[in-house]
1. Can you report the number of residues in segment 42-66 which are outside any loop (DSSP other than H, G, I, E, B) and surrounded by fewer than 14 Cβ atoms within 10 Å (Cβ to Cβ)?
2. Scan segment 433-450 for residues that are surrounded by 11 or more Cβ atoms within 10 Å (Cβ to Cβ) and not polar (S, T, N, Q) and jot them down.
3. Return only the number of the condition from (1) in contact (Cβ under 8 Å) with a residue 60 or more places away in the chain; (2) more than 30 Å from Thr219 (Cβ to Cβ); (3) of a type outside the set (Lys, Arg); (4) buried (at least 19 other Cβ atoms within 10 Å of the Cβ) that Ser318 does not satisfy.
4. When you scan segment 367-398, how many residues do you find that are open to solvent by 10 Å² or more (accessible area, probe 1.4 Å) and either closer than 25 Å to Arg428 by Cβ or among the aromatic types (Phe, Trp, Tyr) (or both)?
5. Could you tell me which of the residues Asp335, Asp359, Asp408 is more than 14 Å from Phe473 (Cα to Cα) and assigned to a helix (DSSP H, G or I)?
6. Which pairs do you get when a residue that is under 12 Å from Glu424 (Cβ atoms), found in segment 351-362, comes within reach of a residue that is open to solvent by less than 30 Å² (accessible area, probe 1.4 Å) and of a type in the set (Val, Ile, Thr), reach meaning Cβ atoms under 8 angstrom, with the pair 6+ apart or on two chains?
7. In segment 285-292, is there at least one residue being charged (D, E, K, R), closer than 25 Å to Phe382 by Cβ, open to solvent by 70 Å² or more (accessible area, probe 1.4 Å) and touching a residue at least 12 places away in the same chain (Cβ under 8 Å)?
8. Please go through segment 298-315 and pick out each residue that is charged (D, E, K, R), open to solvent by less than 70 Å² (accessible area, probe 1.4 Å) and not in a loop (DSSP other than H, G, I, E, B).
Amino acid sequence: MDIDRVAGEEVCCLDTEQLQLPEVSSFVLKENPQLPEVLFSQWLSLSDTTRLVKTLIDDAKAGNPINIPGISANVSVGGVNSLPSMFPAGSAPPISPRSSSGSPRTSKQKTSPSSLRSPLKLVRESEWEVIPQFYFRNGPPAASALKEQCLSRINHLFNNDLDGLLIDEFKPVTKIVCKLPSFFSDVLFRKIDVDCTGMVTRDAFVKYWVNSNMLTLDTATQVFNILKQPDCRYLSQSDFKPILRELLATHSGLEFLQNTPEFQERYAETVIYRIFYYINRSGNGRLTLRELKRGNLIAAMQHADEEEDINKVIRYFSYEHFYVIYCKFWELDTDHDFFIDKENLIRYGNHALTYRILDRIFSQVPRKFKSNVEGKMCYEDFVYFMLSEEDKSSQPSLEYWFRCLDLDGNGVLTPNELQYFYEEQLHRMECMAQEPVLFEDILCQIVDMIAPEREGYITLRDLKGCKLSGNVFNILFNLNKFVAFESRDPFLIRQEREEPTLTEWDRFAHREYIRLSMEEDVEDVSNGSAELPTISLCCSFGYGMKIWYLDILLGGTCQICTVEFHSDFQDARCFIGRERWLSSGDYSSPRKAAPFLDDISRASALYGKGGWYAYPLSL
């Protein structure tokens, strides 16, 4: 074998740090990178080195063990220490111990297969760590204490009925064990009684409620699983009908509807429409579990089950709110075909809305109609419209009207779009002999109220971040509310601050229900079915109290109501149509005066359809 060729190959992979050269400093080696190669070549040229290399090669070919004086026989042939030192025997200094990290060049050396197998062997020999189950498709299993407590209650309720419980006897199980509203009893019973036997046994209930881990789920998930159809991941409007039928049949505050099934159906529909209006934010008619958890429906259901007066449950279930919505719809639906066209809706709020905004609504821009009749909206469409119109501070309402104003659908409102809707408002103010407000001033006012992030346009995010966003819509297309906003009543402002939990819709529904109920009472009087009422104003108004409304309905004559007036009638304003009267003490004519109290300095009587509604302006 050519020794020079072998030496050349070895020089290419020479590691200078492997050379033990104590007489040569490392700085000299770094400054002269060719020096180690020269030294190595000189060492290979020695006669002793040549004989040693040849001997090692011959032994390796023959398979003989390596036997070098001073070196162990089991040392690898390729080891560095197998070569003789260039220093005389016994004169080489001892090798200093190396750190575990080694030099960067040493760390780049290939790892032997034996070193790769060692960690794997250790892993195989070590004991595997058992990871507990952390995902449960039907929820985590119940704790032993909770499970025993639930089984104890189940045994107590099913103790006297070995065969099971009938549907009329199942309500305590729903309330005590499941802790759900009582009007879930029927739908839960039928969910367990899949074979329609008319009876639920103890084992069947334990299998559904305990063994399937329904016990450990949160209330929203329990309600979602009970109401939804099999293999569905959402709730539809029809899924709520069973619990509302049970509510109408069992709630004491709705007993008066037992003989009017038509209004029972309308009430249930209204409740469902309101639920989907506020909670189904995607607007696709499919209520997901995430939307159900984000909303306040579960708390409203619990409140409706515990409260005897259903009207105190103002979220979704109030009968007064349903009464206001349905009466408004019936009032506009002149032909009573249960559809409303554009000419019907223009009369809403005493012609408060502009034609341009109505065109956008009937173009189905904010929401696609469910009526399936061209140019007409059904009752569900009207519910969405009315909730959006009377409470423009809610998130669904802001989205509804934003889509109406966004003419090009690019997600921003520009000054040109705002001016397009305000032009009709300006024309209406001129026709009513009111001082017009130029659009430039209105635009400055809107920008000051909204304070958009970017100058030049308004986004939906800007509107949702401002508490006065509803007033922007009123300025653009609702003249009556625009005028009311410009002449803000301090008494109403104080009332809103005293009751911050009530929304604009809650206050509107309360006022309208009082008005509608008094109109109904007057109609009963005119028909001879009731006596003429005598209305005393002694306790009608007072400092810090809610506003009470006195409806002086004419009904064709001035003798429908006998009003008991009090002294010191100082000042009142009476708006009848577009004309105004100012009266001081003279209330001989009910058309020019409003009832008043001695502790109130001013009062206002607003003329509406069929009557006046008196309330104090200031105290």
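1. Counting residues in segment 42-66 that are outside any loop (DSSP other than H, G, I, E, B) and surrounded by fewer than 14 Cβ atoms within 10 Å (Cβ to Cβ) gives 9.
2. Pro436, Val437, Phe439, Ile442, Leu443, Cys444, Ile446, Val447, Met449, Ile450, listed by residue number.
3. Of everything listed in (1) in contact (Cβ under 8 Å) with a residue 60 or more places away in the chain; (2) more than 30 Å from Thr219 (Cβ to Cβ); (3) of a type outside the set (Lys, Arg); (4) buried (at least 19 other Cβ atoms within 10 Å of the Cβ), Ser318 misses just condition (2).
4. 5
5. One residue alone meets the criteria, Asp359.
6. Hits for this filter: Leu353/Ile346; Tyr355/Ile346; Leu358/Ile346.
7. Yes, segment 285-292 contains a residue that is charged (D, E, K, R), closer than 25 Å to Phe382 by Cβ, open to solvent by 70 Å² or more (accessible area, probe 1.4 Å) and touching a residue at least 12 places away in the same chain (Cβ under 8 Å).
8. Asp305 - this is the single residue of segment 298-315 that is charged (D, E, K, R), open to solvent by less than 70 Å² (accessible area, probe 1.4 Å) and not in a loop (DSSP other than H, G, I, E, B).
The values are calculated or read from the model by the stated rules, or taken from the named source; none is laboratory data. Keep in mind the model is a prediction, meaning the values are calculated, not measured. Cβ sites come from the backbone with ideal geometry, for glycine too, and all protein chains shown count toward neighbours. Please note that ligands, DNA and RNA were not included when accessible areas were found on the heavy atoms of the full protein model with its side chains. Shrake-Rupley method; radii C 1.70, N 1.55, O 1.52, S 1.80 Å.
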